[in-house]
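Trainee: Okay, handing you the structure first.
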Amino acid sequence: MTSSQEARAVVLEAFGEPVSTRGLPVPDPGPGAIVATVELAGVCGTDVHLQAGRLPIPLPVVLGHEGVGRVAAIGAGVTDDSLGAPLTAGDLITWGSSISCGDCVYCRDLQEPTLCERRRIYGINRRADEWPYLGGAWAEAIYLHPGSMVVRLESDTPPEAVIALGCAGPTAVHGLLGVAPVAVGETVVVQGAGPVGLATAMYAQLAGAARVVLVGGPASRLERARALGVGDVHLDLDAQGPAERLDAVRSLTGGRGGDLVVEATGVPAAVAEGLDLCRPGGRYLVLGQYTDHGPTPLNPHLVTRKQLRVLGSWAFSQADYAAYLRTVPQLAARFDLPRLLERFPLSDAQGALDAARAGEVGKAVLVPDAA
Ligand SMILES: [Zn+2]
Ligand SMILES: [Zn+2]
């Protein structure tokens with residue numbers, strides 16, 4: 001931080017415009033709150049969509065819904081993290097991106113906190129021109145409100161591994177292990193080799209899938225997946241057409257198709273192909289359509305004739321984030337997660353956004369204390 005009262009922060013002021021860096025006041029933490037200095041902040045596809053104005057959010061906003069940092073100041077009453085570990089200044093922590101209200105029908109009655117009507121999300125719907133200003137991780141400091149999921153990182157949970165998957169990790173946890181669980185011995189087909197696709201494939205492997213087929217492109221993304229050990233079979237979108245991909249999946253599965261097919265592309269047209277790739281009686285999980293890219297033609301006859309279960313999954317809860325953090329040691333032991341990282345200084349946040357948009361990097365990460 002440049003002074004005890006001000007922190008540099010990356011602010012989205014207007015849709016379609018480059019982000020800017022400005023100084024914002026650092027408030028003292030109120031009761032139950034924490035102020036943390038940010039050490040690593042993830043850049044994800046959602047940030048690209050936010051900048052383009054594809055999601056309705058209030059502006060200006062400090063971007064950044066994925067972060068790892070250190071406790072700088074603790075408000076009255078905070079003694080432990082959200083999992084019960086003692087918390088003191090200087091501890092390395094991470095935090096869940098959202099706080100559900102706990103009081104709406106979805107939170108209280110239906111127990112679906114990701115569907116909360118009043119979900120507060122760091123880096124997305126917190127205004128930068130209202131107290132406490134520092135509502136996103138793309139900054140030297142962030143203000144963590146009471147009710148945040150704050151977890152102290154132990155030595156077996158390296159910050160680089162936590163941030164390497166960013167929100168894709170808990171998004172995959174919510175979808176794959178919550179909404180559409182993988183059964184041991186299944187063939188799982190993952191459409192998409194971006195962060196959500198990679199995280200989904202990793203969790204399918206951890207969960208005991210017999211085989212994970214990763215369908216994606218460009219070739220460099222599949223190459224990265226192979227190098228990480230993600231996926232058993234890799235089908236290149238650019239080298240094979242839909243009919244060839246279907247043949248390939250069927251030939252791996254006795255002519256039937258995948259037991260579970262997961263859409264992680266964000267491309268509406270992928271859904272029609274995904275229904276084709278499911279075996280009769282299989283499940284199809286639509287996980288990657290976080291941004292509304294409009295309707296797409298598909299053949300609903302397949303859903304009936306194959307008796308498919310078609311499921312959706314939206315975001316992730318604080319509990320999903322905790323489950324993600326509990327599995328990071330296993331993920332990090334099995335996959336070379338830090339290899340995904342590409343570091344950018346806070347001053348080059350726009351460069352990081354551009355790299356994320358181009359799909360040039362595994363995971364763009366901002367390092368606020370870099371020059
Ligand atoms: Zn709610
Ligand atoms: Zn994200």
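Trainee: Let me know the shape class of region 15-135, please: from the alpha-carbon gyration tensor, a ≥ b ≥ c as square roots of the eigenvalues, rounded when a/c is under 1.5, otherwise prolate if a/b is greater than b/c, or oblate. Walk me through the numbers before you get to the answer.
Mentor: Working: a/c = 1.82, a/b = 1.15, b/c = 1.59.
Oblate, since a/c reaches 1.5 and b/c is not below a/b.
Trainee: Hey, if you put +1 on the Cβ of every Lys and Arg and -1 on every Asp and Glu Cβ in the chain, which of Met149, Ala168, Ala272 ends up farthest toward the positive end of that dipole?
Mentor: Ala272
Trainee: At a Förster radius of 51 Å, what calculated FRET efficiency corresponds to the Cβ-Cβ distance of Ala319 and Asp247, to the nearest 0.05?
Mentor: On the way: r = 40 Å, r/R0 = 0.79.
For Ala319 and Asp247, the calculated efficiency is 0.80.
Trainee: Region 325-369 to region 188-260: how many Å between their Cα centroids?
Mentor: Each part's Cα centre sits 22 Å from the other's.
Trainee: What length, rounded to one decimal in nm, is gained on full extension from Ser220 through to Gln307, with 0.36 nm per residue of separation minus their alpha-carbon distance?
Mentor: 27.8 nm
Trainee: Ok, one more. Classify the chain as rounded, prolate or oblate from the Cα gyration tensor: take a ≥ b ≥ c as the square roots of its eigenvalues, call it rounded if a/c is under 1.5, otherwise prolate when a/b beats b/c and oblate if not.
Mentor: Prolate, because a/c is 1.5 or more and a/b exceeds b/c.
Trainee: Can you pull out the trypsin sites (Lys or Arg not before Pro) in region 118-154 that DSSP calls coil and that have at most 13 other Cβ atoms within 10 Å? Can you show the working numbers first?
Mentor: On the way: sites: Arg118, Arg119, Arg120, Arg126, Arg127, Arg152; in loops: Arg118, Arg119, Arg126.
Here the trypsin sites (Lys or Arg not before Pro) that fit, given the DSSP loop and packing criteria, are Arg118.
Trainee: Please go through region 233-262 and write out the trypsin sites (Lys or Arg not before Pro) that DSSP classes as loop and that have at most 16 other C-beta atoms within 10 Å.
Mentor: On the way: sites: Arg245, Arg250, Arg256; in loops: Arg256.
Answer by residue number: Arg256.
Trainee: Lys and Arg at +1, Asp and Glu at -1: add these up for the other residues within a Cβ distance under 10 Å of Val26 and post the number. Can you show the working numbers first?
Mentor: Working: positive: none; negative: Glu6, Asp28, Glu140.
Charge balance near Val26 sits at -3.
Trainee: For the residue pair Thr88 and Glu342, what label-to-label distance in nm results when each label sits 7 Å from Cα along the Cα-to-beta-carbon direction?
Mentor: Computed distance between label sites Thr88 and Glu342 equals 4.1 nm.
Trainee: Now a separate question. Could you work out the helix-only [θ] at 222 nm for the chain, with each DSSP H run of four or more residues adding -39,500 (n - 2.57) and the total divided by the number of residues, to the nearest 500 deg cm²/dmol? Please report the intermediate quantities before stating the final value.
Mentor: On the way: 10 runs with 93 residues, N = 371.
My calculation for the chain gives -7000 deg cm²/dmol from helical runs alone.
Trainee: Rounded to two decimals, what is Rg over Rh for region 284-371 when you use alpha-carbon atoms and the Kirkwood radius?
Mentor: Details: Rg = 18.6 Å, Rh = 16.9 Å.
In region 284-371, Rg relative to Rh is 1.10.
Trainee: If neighbour count is taken as other Cβ atoms inside 10 Å, put Arg8, Arg343 in order from fewest to most. List each step's numbers first, then the result.
Mentor: Values: Arg8 18, Arg343 15.
Fewest-to-most ranking of Arg8, Arg343: Arg343, Arg8.
Trainee: Taking neighbour counts of Cβ atoms within 10 Å as a proxy for exposure, in what order, fewest first, do His145, His301 appear? Intermediate results must be reported in sequence, preceding the final value.
Mentor: On the way: His145 18, His301 9.
So the residues, fewest neighbours to most, are His301, His145.
Trainee: Test of understanding: ordering Thr200, Thr296, Thr21 by Cβ neighbours within 10 Å, fewest first, what list do you get?
Mentor: Details: Thr200 33, Thr296 12, Thr21 16.
Lowest count first: Thr296, Thr21, Thr200.
The numbers here are math on the coordinates, done by the rules we state, and not lab data. Everything numeric here is computed off the predicted structure, so don't read it as measured data. Here the Cβ is made from the backbone with ideal geometry for all residues, glycine too, and neighbour counts use every protein chain on show.
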